[in-house]
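Take a look at the structure below.
The values are calculated or read from the model by the stated rules, or taken from the named source; none is laboratory data. Not measured: the values here are computed from a predicted model. Please note: Cβ atoms are built from the backbone with ideal geometry, for glycine as well, and neighbour counts cover all protein chains shown. Only protein heavy atoms, including side chains, enter the accessible area calculation; ligands, DNA and RNA are left aside. Shrake-Rupley method; radii C 1.70, N 1.55, O 1.52, S 1.80 Å.
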Amino acid sequence: MKLNQLALFVAIAEEGQIGRAATRAGISQPALTKQLKNLEQSVGSPLFERNRSGVQLTQAGTLLLARARGILCNADEAQRELAELATGATGLLRVGAGPTMAEYLLPQVVGGLLSRFPRIELRVMSALNDVLFENLRAGELDLVVSAIPEKSPEDFEQELLLHDELVVVANTGHPLLRRGRLQLRDLADESWVLPPPRVLARQWLNQQFGKQRLPPPRAAVEADSELSVLAIVSNTLLLGFQPRSHIPAPGSRTRITELQVPELRWRRPIGVSWRKGAYLPRASRHFTASLREIAARSSGLGSSTPAVRKRKAGRTTQG
């Protein structure tokens, strides 16, 4: 079993077709098929079975896929760590950031990082936290700056930095605005534009409705872009759930305002996450230290509160 065979195996599993995997790997289809057969002989079991659209994993293939990704991730990290040790170079730092953090926090960190490490290669991915955590878990990212859950996943280390606040937003012409202060139950029949179900904000919102024995808010539109959410809310009667800092100033062409629902104001924890035991470039220490400094002096993202604590797998410790 060789690393290049495992990499090709993962490519086939992710693409679902031999041809697409060969294109992705930059080799011919017969060469890829030969490497797959060699790998299957090595493990003593078929790893794929054909279907109408391409191939799908067998039980043995499913088991190997998780292990293969881990092996490849560890091999890549070892290579990066040895290169940094041998050359003293600061290498590559891969950071994922939620949309709010990419707009407010990262610009304050990047300048100092590049001054301290002029040879660093910084790659930034902006997405919602469900996608960021998947990429972190897969070893595609070193650090993630985003909303974090109350209980840390077992395979992550997380450090709480600060809080922002999410509120219900609506078109400035929405009929509910005439009623002033609202209760959660007043929104039971409304339709929403919301992020995907695995995003923390969507999960928190569902929990609040569930506490009052109401069904989850109905997502008429599901969007993974906060800009799309704001644009849709501005042009429809759908409700949204967004950081208060994203509400435009009065007089803006984007017609959005906060709907006064005290029960649906979420003081969202923002933090930095990394995989337990993972290799982190030297520059990552400077990056996280800068985040702590910004959090400590911040009056907030919207109405944030600075709070720096280290959280490990379901427990929070001061640090």
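Taking the stretch 120-206, which GluC sites (Glu not before Pro) meet the DSSP loop condition and have no more than 16 other C-beta atoms within 10 Å?
Passing sites in the stretch 120-206 are 140, 150, 154.
At residue 20 and residue 33, where each label point lies 7 Å from the Cα along Cα→Cβ, what is the point-to-point distance in nanometres?
1.9 nm
Given a cut-off of under 8 Å on Cα pairs at least six residues apart, what relative contact order in percent is computed for the chain?
Values: 550 pairs, mean separation 70.0, N = 319.
So the answer I get is 22 percent.
Would you mind checking the tilt of helix 3-15 against the longest principal axis of the Cα atoms of the chain, expressed as 0 to 90 degrees and rounded to 10?
Here the helix axis deviates by roughly 50 degrees.
Give me the net charge for the shell around residue 231: Cβ to Cβ below 15 angstrom, other residues only, Lys and Arg +1, Asp and Glu -1.
Local net charge: -1.
Rounded, prolate or oblate: which fits the stretch 159-235 when a ≥ b ≥ c are the square roots of the eigenvalues of the alpha-carbon gyration tensor, with rounded for a/c under 1.5 and prolate only if a/b beats b/c?
Working: a/c = 1.42, a/b = 1.16, b/c = 1.23.
Here the stretch 159-235 falls in the rounded category.
Go through 211, 2 and list them by solvent-accessible area, largest first, probe radius 1.4 Å.
Most to least solvent-accessible, the answer reads 211, 2.
Positive end of the dipole of the stretch 149-219, charges at C-beta (+1 Lys, Arg; -1 Asp, Glu), about the Cα centre: which of 199, 162, 149 has its Cα farthest in that direction?
Going by the Cα projections, it comes out as 199.
Go ahead and estimate [θ] at 222 nm for the chain from helices alone: -39,500 (n - 2.57) per DSSP H run with n ≥ 4, summed, over the residue count, rounded to 500.
Rounded to the nearest 500, it is -13000 deg cm²/dmol.
List, in order, the whole-Hz ³J(HN,Hα) value for each residue of the stretch 135-152 obtained from phi through the Karplus relation with A = 6.51, B = -1.76, C = 1.60 and θ = phi - 60°; use x for Gly and Pro.
Running phi through 6.51 cos²θ - 1.76 cosθ + 1.60 with θ = phi - 60° gives 5, 5, 4, 7, x, 7, 10, 8, 9, 10, 10, 6, 4, 10, x, 4, 10, 5 Hz.
Using a 1.4 angstrom probe on the protein heavy atoms only, line up 270, 247 by accessible area, largest first.
Sorted by accessible area, descending: 247, 270.
Tally Lys and Arg at +1 and Asp and Glu at -1 over the other residues with C-beta under 12 Å from the C-beta of residue 7: what net charge comes out? Mind dumping the intermediate values first?
Details: positive: 2, 24, 69; negative: 14, 76.
After counting each charged neighbour, the total is +1.
Distance from a point 7 Å along Cα→Cβ of residue 67 to each backbone N in the stretch 17-36: keep the residues under 17 Å and list them by number.
What the label zone holds, given the 17 Å backbone N cut-off, is 36.
Once you put a point 7 Å from the Cα of residue 75 and another 7 Å from the Cα of residue 116, both along the Cβ direction, what distance in nm separates them?
Distance between the two pseudo-spin positions: 3.3 nm.
To the nearest 0.05, what FRET efficiency results for residue 222 and residue 134 with a Förster distance of 25 Å applied to their C-beta separation?
Plugging the Cβ-Cβ distance into 1/(1 + (r/R0)^6) gives 0.90.
Sorted from largest down, what three extents in whole angstroms do the Cα atoms of the stretch 213-267 have along their principal axes?
Here the spans come out as 38, 24, 18 Å, largest first.
Where the Cα atoms of the stretch 14-171 are projected onto their three principal axes, how long is each span, largest first, in whole Å?
51, 51, 30
Over all alpha-carbon pairs of the stretch 10-50, lay out the pair-distance distribution in 5 Å bins, whole %, shortest bin first.
The distribution over the stretch 10-50 is 5, 26, 33, 25, 10, 1, given as percents.
Using only the alpha-carbon atoms of the stretch 147-202 as identical scatterers, what base-10 log of I(q)/I(0) does the Debye formula give at q = 0.15, 0.26 Å⁻¹?
Listed by q, the Debye log ratios stand at -0.67, -1.23.
Compare the peptides 276-286, 36-46 by average per-residue count of other Cβ atoms within 10 angstrom and give them in order, highest first.
Result, highest mean first: 276-286, 36-46.
Tell me the angle of helix 282-297 to the major Cα principal axis of the chain, expressed in degrees between 0 and 90 and rounded to the nearest ten.
Taking the Cα atoms of the chain, the angle to 282-297 is about 10 degrees.
Which value in nm describes the separation of the simple spin-label points at residue 236 and residue 211, placed 7 Å from the Cα toward the beta carbon?
2.7 nm
Relative to the longest principal axis of the C-alpha atoms of the chain, give the angle of the C-alpha long axis of helix 29-43, reported between 0 and 90° and rounded to the nearest 10°.
80 degrees
Give or take rounding to whole Å, what are the principal axis extents of the alpha carbon atoms in the chain, in descending order?
70, 52, 38
Search the structure for amide H atoms under 5 Å from the amide H of residue 239, placed 1.01 Å from N in the peptide plane, and list their residues when 5 or more places away or on another chain.
Residues meeting the criterion, in which the H sits 1.01 Å from N, are 191, 192, 193.
What does the charge add up to near residue 290, with Lys and Arg as +1, Asp and Glu as -1, over the other residues with Cβ less than 14 Å from its Cβ?
Details: positive: 116, 282, 285, 292, 297; negative: 159, 293.
Surrounding charge for residue 290 is +3.
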